[in-house]
Structure formats: C-alpha cells, structure tokens
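Each reported figure results from applying straightforward, stated rules to the coordinates on display, with no laboratory input. Computed from a predicted structure; not experimentally measured.
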Amino acid sequence: MARWGAWRSTPTATWRRGPPPAVSPTSDVPVIGAGTYANNRTCALSATGVGEEFIKHTVTHDISALMEYKGLSLQQAMDQVIHHKLKPGDGGVIGVAHDGALALVFNSEGMYRGAADSNGRFEVRIWE
C-alpha cells in the first residue's frame, strides 16, 4: 500500500475492488482526498467503499487533518472518521502513519486487507 523511502516522501496507492460484495462501479474511490491521500507530515491512506460517501466526507483528507491539527494517532483518526462520520457498511481505509504505524479500519461486513512491517507483522484478512 504505502512505504516511506530513503527520502521520507509519502507514496500512496489504491486498488479496484469494493467491500464484499462489490456494490457498484463507485465501490472504489481513487479521488485524492476522498479515497486516497498522502501527506509527509501525517500518513498515506487508501480507501474502498461507497464512493459517494467517501467523496462527500473527504474521508482520507479528514483522517490526515485530524492527525495534523488535533494530534490524533492514525488509529484514532481512522476510528473517528470511519465509525462516526460514515454510515455502517460504507467501507474502510488502510493506512501507514509517518512513524510507520499501520491501521486497517472498516465498518462494513468485511474488507479485503493485508499488512506487513519490519517487526514481523504479517496479516491478510477479510472479516473482523
């Protein structure tokens, strides 16, 4: 998904698949600030879900802004946006913070996701 390189630049990537079952062609949101976002000071994020809701709530930008302006951790910011701004079943976000912390948060029945880090974390999941 994303990894900081030697230059400490924040890359991000997104994929083409919605929450199971993929509900419509708007299931993924590669719109900057809605479904994908990167900020060197905070995090890199990629989302999947009901595209209209992610666009309406500028989900990924909002997560980064909560980290930058309120000092929330990646996990706290993602929990706040996914569980309190979006409706249940709207989708989820995967992200990596500027400090290397990983978070994978969703409010749908399931979300295809995976994470690995240099400390030995390796996980691939669909359901809770």
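Quick notes on this one:
- Bridging of residue 56 to lysines at a Cα separation below 21 Å is possible for 85, 87, once same-chain residues fewer than 8 apart are set aside.
- Anisotropy class of the range 36-125 from Cα gyration tensor, a/c 1.5 cut: oblate
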